[in-house]
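In what follows, a single structure is set out as structure tokens and then discussed.
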Amino acid sequence: MRSELLAIQVEAAAKAAGLAVISSETGSEDADASRTDASRTDASSGTTKFLLALAGSAAPRDEKTKLLELSERFEFGRPDLKEGVRVYLQAVAKRLRYPRPDCTLTLHGVPLSFGRFGWPFRESTSGADTSLVHGEIRLEDGGPSVLFAKVAASMTVTFREVLAAPEQPFAEGFVYNAVRKTMDQGQLDLGKSSNRQPVPLTTRFYSGRTKAFNFNDTTAEQRKSFLAAKALWLSGVLGAGEPVWLLDPRDAQYLNSTVEELQKAVVSLAADGLIQLATDAEFAAPTEQLLAQRESHQAELAQTLAFIKPSFNETMRHGLTNM
């Protein structure tokens, strides 16, 4: 009965955001069989997965859908939670107009796709007072997507108090941004290993004074470069020239900025002839002038990946240390 009510509530909220529920299914209590006993999490409440697509889409492709997973105990009727879901679904509807809605870019210019996240956060049973969510990122540079990292985002008790609920609509944005930040810090290794890598979610990502998330302090020029690279990679390289959303509030949060500041960067890029605005001016595609810079962006990506790749002190590796 509870899951039926949740389905009705999600369908109504999705419709209001211009989305449709393509299918739904009961989520696995512990879908990741690779977890060790120590890292398994409490899943006393089941989940329901809803596959969303833009309303009116004819046989939507897999990459044009969004998976929303909610616990069956989710209190949809609470006004604050209902409003949070509404805002989240409106953003999902805009991202589903991307050619690759699962993709994003780091500040250092690394294009990544996000997938296989199991929501909501679950309490750790390993003895640590943390909540966990597992997922996967992949390098998306236009070639075969073979380099990846499995991640385990762990949320402290203090950080948990910041959230209205440990559910996907309220946590996905800052988790993805924390992964991007951790990637740029060289603390995630893209490879072919199935080992899960930690992404700690602590109050260093949140300012209690301003009540805002804190990821990357950026200048106007950095924001402009970021959006140019986003248009090049997500539209020009991965999206066959389809426009992408350049005023995404998730990017504004990641860049410690505002949507208004992103708008200024978009106007400047258009004036420079680097992007072509779509009918909806929040979206844009790269011009030939920007596409001509693809090789330099690819070279910068290679340099970035080499720079942030985790390295080890060889003397410590071979035991030649006083530690």
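Readers should treat all values here as calculations from the given coordinates under stated rules, not as data from a laboratory. Keep in mind it's a predicted model, so treat the numbers as computed, not measured. Heads up, the Cβs are rebuilt from the backbone with ideal geometry, glycines too, and the neighbour counts pull from every protein chain shown.
What are the residues whose amide H is under 5 Å from the amide H of residue 140, where those residues sit 5 or more places off or on another chain and H is modelled from the backbone?
112, 113
Can you sort 175, 244, 87 from fewest to most other Cβ atoms within 10 Å of each residue's own Cβ?
Fewest to most other Cβ atoms nearby, the residues stand as 87, 175, 244.
Once amide H atoms are placed 1.01 Å from N in the peptide plane, what residues at a sequence separation of 5 or more from residue 27, or on another chain, have their amide H within under 5 Å of its amide H?
Here the answer is 47, 48, 49, since their amide H atoms fall under 5 Å of that of residue 27.
State whether segment 220-308 is rounded, prolate or oblate according to the following rule on the C-alpha gyration tensor (a ≥ b ≥ c being the square roots of its eigenvalues): a/c under 1.5 gives rounded; otherwise a/b larger than b/c gives prolate, and the remaining case gives oblate.
oblate
Among the lysines, which have Cα under 27 Å from the Cα of residue 211 when same-chain residues fewer than 8 positions away are ignored?
Those lysines meeting the cut-off are 82, 94, 181, 224, 264.
Given the -39500 (n - 2.57) contribution per DSSP H run of 4+ residues, what per-residue ellipticity at 222 nm results for the chain, rounded to the nearest 500 deg cm²/dmol?
-10000 deg cm²/dmol
Quick one: Karplus J couplings for segment 13-19, per residue in order, coefficients 6.51, -1.76, 1.60, θ = phi - 60°, nearest Hz, x for Gly and Pro?
5, 5, 4, 5, 8, x, 10
Using the Kirkwood formula over every pair of different C-alpha atoms, what hydrodynamic radius in Å results for segment 89-147?
This gives a value of 13.7 Å.
Report, in debye and to the nearest 20, how large the dipole of segment 2-213 comes out about its Cα centre when Lys and Arg carry +1 and Asp and Glu carry -1 on their Cβ.
Charge dipole, segment 2-213, about its Cα centre: 640 debye, nearest 20.
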